[in-house]
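What follows is a set of notes on a single structure, which appears directly below.
The values are calculated or read from the model by the stated rules, or taken from the named source; none is laboratory data. Note that the structure is a prediction, hence the values are computed from the model and not measured. Glycine gets a Cβ as well: all are built from the backbone with ideal geometry, and neighbour counts include every protein chain shown. For the accessible areas, the whole protein counts, side chains as well, though only heavy atoms, and no ligand, DNA or RNA atoms are used. Shrake-Rupley method; radii C 1.70, N 1.55, O 1.52, S 1.80 Å.
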Amino acid sequence: MHRGKSALVACAATAALLGPVGIAAADGSAPASAPAASPSAKAPKAPKGAGDGSRGLCKRAKRIDKRLDRALKRLKGPATVRGSVARLTKRVERAKQADHTEVQTFLDHKLTFRRSLVPTLEQRQKDLSKVQKWCAARGEGSGSDSASDSGSDSGGGTESAK
């Protein structure tokens, strides 16, 4: 019963606070023009960020590039490297030799996916280098810092292509 009274008091207080605001908004033209001024105040912020996440992407571009380099290095590594295509290929061959068909099928599907990752990640790396150049031209995020590193980044991309 105490909850009911509390809820009733809360609703009455809310109605009392919002009642005059609703009436003032309906009667006066001044409050209606105030919200119209708010969107125009936000308009100058549009060039900095268009709502597409470009500012955040520019800030993270260097870290994303390092992560892509590590992933490609791992995938293209020798059979001794965990996560490499060569290591998984070796595991598929061993499963085949041991006549473990279910394991071989599972690992073979995993290998197919892992092989498809290499061109995908290489394409992302190319796209990211274009984004870094765009960020550097706009002077946003770490893109301006990566302009000096772009020589080493493009060198890293050619090493991973070998």
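Going through region 72-103 one residue at a time, which ones are aliphatic (A, V, I, L, M) and either touching a helix residue (DSSP H, G or I) at 6+ places or on another chain (Cβ under 7 Å) or open to solvent by 80 Å² or more (accessible area, probe 1.4 Å) (or both)?
Taking region 72-103 first, the residues aliphatic (A, V, I, L, M) are 72, 75, 79, 81, 85-86, 88, 92, 95, 98, 103.
Of everything in region 72-103, those that are aliphatic (A, V, I, L, M) and either touching a helix residue (DSSP H, G or I) at 6+ places or on another chain (Cβ under 7 Å) or open to solvent by 80 Å² or more (accessible area, probe 1.4 Å) (or both) turn out to be 72, 75, 79, 81, 85, 88, 92, 95, 103.
Test residue 118 against the stated conditions and say whether it is closer than 28 Å to residue 56 by Cα, aliphatic (A, V, I, L, M) and surrounded by 12 or more Cβ atoms within 10 Å (Cβ to Cβ).
On the way: closer than 28 Å to residue 56 by Cα: yes; aliphatic (A, V, I, L, M): yes; surrounded by 12 or more Cβ atoms within 10 Å (Cβ to Cβ): yes.
Considered against the rule, which asks whether it is closer than 28 Å to residue 56 by Cα, aliphatic (A, V, I, L, M) and surrounded by 12 or more Cβ atoms within 10 Å (Cβ to Cβ), residue 118 comes out as yes.
Could you please let me know if residue 69 is among the charged types (D, E, K, R), modelled with pLDDT of 55 or more and open to solvent by less than 90 Å² (accessible area, probe 1.4 Å)? If you could, list the steps in order and put the result at the bottom.
Working: among the charged types (D, E, K, R): yes; modelled with pLDDT of 55 or more: yes; open to solvent by less than 90 Å² (accessible area, probe 1.4 Å): yes.
Considered against the rule, which asks whether it is among the charged types (D, E, K, R), modelled with pLDDT of 55 or more and open to solvent by less than 90 Å² (accessible area, probe 1.4 Å), residue 69 comes out as yes.
Kindly evaluate residue 56 against the criterion of being modelled with pLDDT under 95, exposed (fewer than 14 other Cβ atoms within 10 Å of the Cβ) and not in a loop (DSSP other than H, G, I, E, B).
yes
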